[in-house]
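The values are calculated or read from the model by the stated rules, or taken from the named source; none is laboratory data. Computed from a predicted structure; not experimentally measured. Heads up, the Cβs are rebuilt from the backbone with ideal geometry, glycines too, and the neighbour counts pull from every protein chain shown. SASA here: full protein model, heavy atoms, side chains in, ligands and nucleic acids out. Shrake-Rupley method; radii C 1.70, N 1.55, O 1.52, S 1.80 Å.
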Amino acid sequence: MMKIFNNVCPRDCYGSCRMQISVKDGRMVQITGDKNDPYTRGTLCAKGYAYLAQEYSAERVIYPLKQIGKGSGNWTRISWEQALTEIAQKLITIKEEEKSLLPVCLDKYLGNTGLLSRAIEGFFRSMGYITFMVGSPCDSAGMDALLLNYGSCKKPHPEDMAHSKLILIWGANPAWTAPQQMRYVYEAKTQGGKVVVIDPYLTATAARSDVYVQIKPGMDGFLALGMAKVIVEEGLVDYNFIHNFTYGWEQFLQYLEKFDLEETARRTGISEHQIREIARLYAKSKPASIWLGFGAQHNPSGTQNYRAIDALSALTGNIGIPGGNVHYTSQEATAFTGIFEKIPVPDGSQGLVDKNGLYSHRKIGTGRFSELQEAEPPVRFLWVAGRNPVAQDPDSSRVEEVLQAMETVVVADTTLTATAKFADYFLPVSTFFEYEDVVISNWHYGVAVNEKTLEAPGECKPDYVIMQELAATLNTLSPGFSTFPSERDAGYWLDLEMKDLYQRLEISHYKQLSGRYVRLDLPVVPWQDRIFLTPSGKYEFYAEAAVQYNLSPLPIPALPTQPSTSYPLNLLSVRSYAALNSQFGDLLNLLEPGGNHLLLNPITAKASGIEEGNEACVYNWLGEIRLPVYCSVTIPPDLAVVHIGSYPAYGNELNRLVALQETDLGALSSETNGLSFKNCFVSIGKVQKI
Ligand SMILES: Nc1nc2c(c(=O)[nH]1)N[C@H]1C(S)=C(S)[C@@H](COP(=O)(O)OP(=O)(O)OC[C@H]3O[C@@H](n4cnc5c(=O)[nH]c(N)nc54)[C@H](O)[C@@H]3O)O[C@H]1N2
Ligand SMILES: Nc1nc2c(c(=O)[nH]1)N[C@H]1C(S)=C(S)[C@@H](COP(=O)(O)OP(=O)(O)OC[C@H]3O[C@@H](n4cnc5c(=O)[nH]c(N)nc54)[C@H](O)[C@@H]3O)O[C@H]1N2
Ligand SMILES: [Mo]
């Protein structure tokens, strides 16, 4: 008999798409989008449908494994009891030897955005003060721009984009990364709205736009300031908004007066004529919205660039009105009770001594792997969950070196990822189809129950169960080692985690969300009262708070790194429609046979003597990778574009070429600055066949 279950995709993505899964004889046989979901309206992306293949993929590891010799591939199947006992003994030994657990570190991110994933952090707090890798590899530079300008990361509901007369898509490629949102972009177009895309190469979204603006990477702040100057010169400023609701206008104006448009045209690669044209289009098409992607903030001046872009919304009074505003990510949707955050450390725990003489956890910025070794005491034990740092963090080779030298590395995942190759223990986790959870979208605020749909294969367990069982093992071997409760079920945790939200969601138990669409009651249009959460209470063109981070209070970007004669090409890593970061490798290989490509302008390929279809060696001072070349005139000659994804050939990680370089800010929202993945320069050469 066929049974239908309701699931929700928990990937770190825009849609948090609801799915309906047909199950026959305990096996998933079909996936469809949920037509009752008012945001996605039943559409899924290619990856959503690919879960069917992924769930039953031969790559999936379903038993705990131990590797003798990291990176050796010498894996043996072991029992859960052996895995958890050996891991527990390591933790107990570290505490005995070092009198604290600071040498124990957790590297976790949003591999699974479901609420129960937070049990992992909860468990690590339950043992005492440890080291956490903190911050975001994703969105923090852009968030801090919003914090400085508006005082909070608020955004409109994405459906509001349909009301815009102009949508400026700035460094985002939703046709691939947020396909469901394209419906709202097209709705705006049907009502006469225009779409402008600003991107260094002609993306699938740019191909569907009315105006495409080809910008040199990292020059976005300069373009925005150039547009601001035109808006002022041509009398298109909303002075009512400026005088009533902004702070620092005079200083900003003075800066713009000196700002040189000719130089801006040279820097950005966009003619003065086109800068004027898009400035006019934006300022005259009220309401106009700006969609800030993540692409342009992975850049050394990411925060200042985004502050300059935000300033356009204030200049034209496009704030607090339907169809206007800036769409970025929201901090509001993560307003949870955070029960896992309240798990106490055991009495008598020692840790880092903070400025008040109290013990605390130690924090190391995400991606800063060398610091795990350099810290005092150094990290000896690393647990990686919901992350694939060898593939996704800067300087993959350095990440591998640190993992190789680490005393104990545990990776909890579904397959042997690039990171798992450097683990001592691999723990097989259940996929989201295999246990109940709740997922909240921080894009459209939907709150959805993910039903348990399948039995886990082999011995896979959800992360929260692994943490509970590890807590129990620890407490058997060393009573009182962990305060984490064991033997609770998903329902217990979800009820506790959701309790404070019930009233807001008008439910009395999370199970009532099943099969229903409920969303957080956040306003569709933010800032309608125009009371900003900045120190001045106004939109701040001039943010004094920036000074303590060595930034100009005005949104003045620094010039980005320029290509050199040794490394003349800027390597832009962008997202593929067929992958989610390093995940869905099978799909990528199916849809793009031969794996990933290096996209080059035909002129660039020819100059290096590389023919289309042949492999190129892509290298810089950090390392080299090899990729088949695909030529397209949509790529400018000084750019190389590569899709982020899993690389079939071992060692061919794209981030081997990406240096660890911080963004100008990120620490305001995320405890540490962001990462400049897009600021990457390489050279290419022909692969000689011997
Ligand atoms: N299919 C798919 N969807 C995804 C993901 C995925 O891996 N695959 N990942 C999810 C995650 S984690 C994220 S963060 C989002 C990312 O979503 P997006 O921000 O839409 O994706 P990116 O490809 O990182 O970058 C978007 C665009 O920025 C451009 N760009 C790069 N540098 C610059 C610059 O200096 N200036 C300008 N103007 N543009 C620039 C790139 O060329 C690219 O086209 O997508 C989410 N959705
Ligand atoms: N060059 C370059 N690098 C980048 C970027 C870029 O633009 N260019 N973008 C950056 C961005 S925006 C982001 S968000 C990061 C993403 O970096 P990561 O979050 O490290 O990337 P993912 O590949 O999504 O890895 C998530 C891992 O979690 C696993 N996972 C899934 N579900 C579960 C679960 O329930 N439990 C456990 N334990 N594991 C699970 C997946 O199998 C996968 O291996 O990458 C960054 N890296
Ligand atoms: Mo991301």
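Observations, loosely collected:
- Three principal axis lengths of the range 340-489 [C-alpha, angstrom, descending]: 46, 40, 38
- When Rg and the Kirkwood Rh are both derived from Cα coordinates, the Rg/Rh ratio for the range 487-574 amounts to 1.24.
- Accessible area per residue was computed with a 1.4 Å probe on protein heavy atoms; TYR239 scores about 100 Å².
- The residues of the chain expose on average 37 square angstrom of accessible surface per residue, using a 1.4 Å probe on protein heavy atoms.
- Carbon + sulfur, % of accessible area of the range 574-667 - ligands and nucleic acids excluded, 1.4 Å: 56 percent
- Counting all C-alpha pairs of the range 605-690, share separated by more than 18 Å (%): 52 percent
- DSSP bridge pairs, the chain: antiparallel proportion in percent, nearest 5: 50 percent
- Surface listing: ILE309, ILE4 arranged by accessible area from highest to lowest gives ILE4, ILE309, probe 1.4 Å.
- With a Förster radius of 35 Å applied to the beta-carbon distance between GLU86 and TYR56, the computed FRET efficiency rounds to 0.70.
- Largest to smallest accessible area among LYS99, LYS70, LYS155 [probe 1.4 Å]: LYS99, LYS70, LYS155
- Solvent-accessible area, 1.4 Å probe, carbon plus sulfur percent, for the range 368-497: 47 percent
- Square roots of five times the Cα gyration tensor eigenvalues for the range 542-667, Å: 32, 19, 13
- Alpha carbon centroid spacing (whole Å) that separates the range 254-313 from the range 203-250: 4 Å
- Straight-line cross-link partners of LYS499 among the lysines, defined as a Cα under 16 Å from its Cα and at least 8 positions apart when in the same chain: LYS342, LYS511.
- Within the accessible area of the range 136-292 (1.4 Å probe), percent carbon and sulfur: 48 percent
- Alpha carbon convex hull of the chain, volume per residue in cubic angstrom: 160 Å³
- Average silhouette area of the range 453-534, convex hull of alpha-carbon atoms, in square nanometres: 10.0 nm²
- When CYS680, CYS138 are compared by accessible area at a 1.4 angstrom probe, the order from most to least is CYS138, CYS680.
- Average Cα contact separation per residue, the chain, under 8 Å, 6 or more apart, as relative contact order %: 21 percent
- Under the Karplus curve 6.51 cos²θ - 1.76 cosθ + 1.60, θ = phi - 60°, whole-Hz ³J(HN,Hα) for the range 244-252, x wherever Gly or Pro sits: 8, 10, 10, 10, x, 4, 4, 4, 5
- Separation between Cα centres of the range 365-385 and the range 583-615, rounded to whole Å: 35 Å
- Relative intensity of the range 300-351 on a log10 scale, I(q)/I(0) at q = 0.13, 0.19, 0.21, 0.30 Å⁻¹, equals -0.60, -0.80, -0.88, -1.15, per a Debye sum over C-alpha point scatterers of equal strength in the absence of solvent.
- For the range 294-300, 3J(HN,Hα) per residue [Karplus equation, 6.51 cos²θ - 1.76 cosθ + 1.60, θ = phi - 60°, Hz, x = Gly/Pro]: 9, x, 7, 9, 7, 7, x
- Against the empirical curve 2.2 N^0.38 Å, the C-alpha radius of gyration of the range 1-133 lands at a ratio of 1.41.
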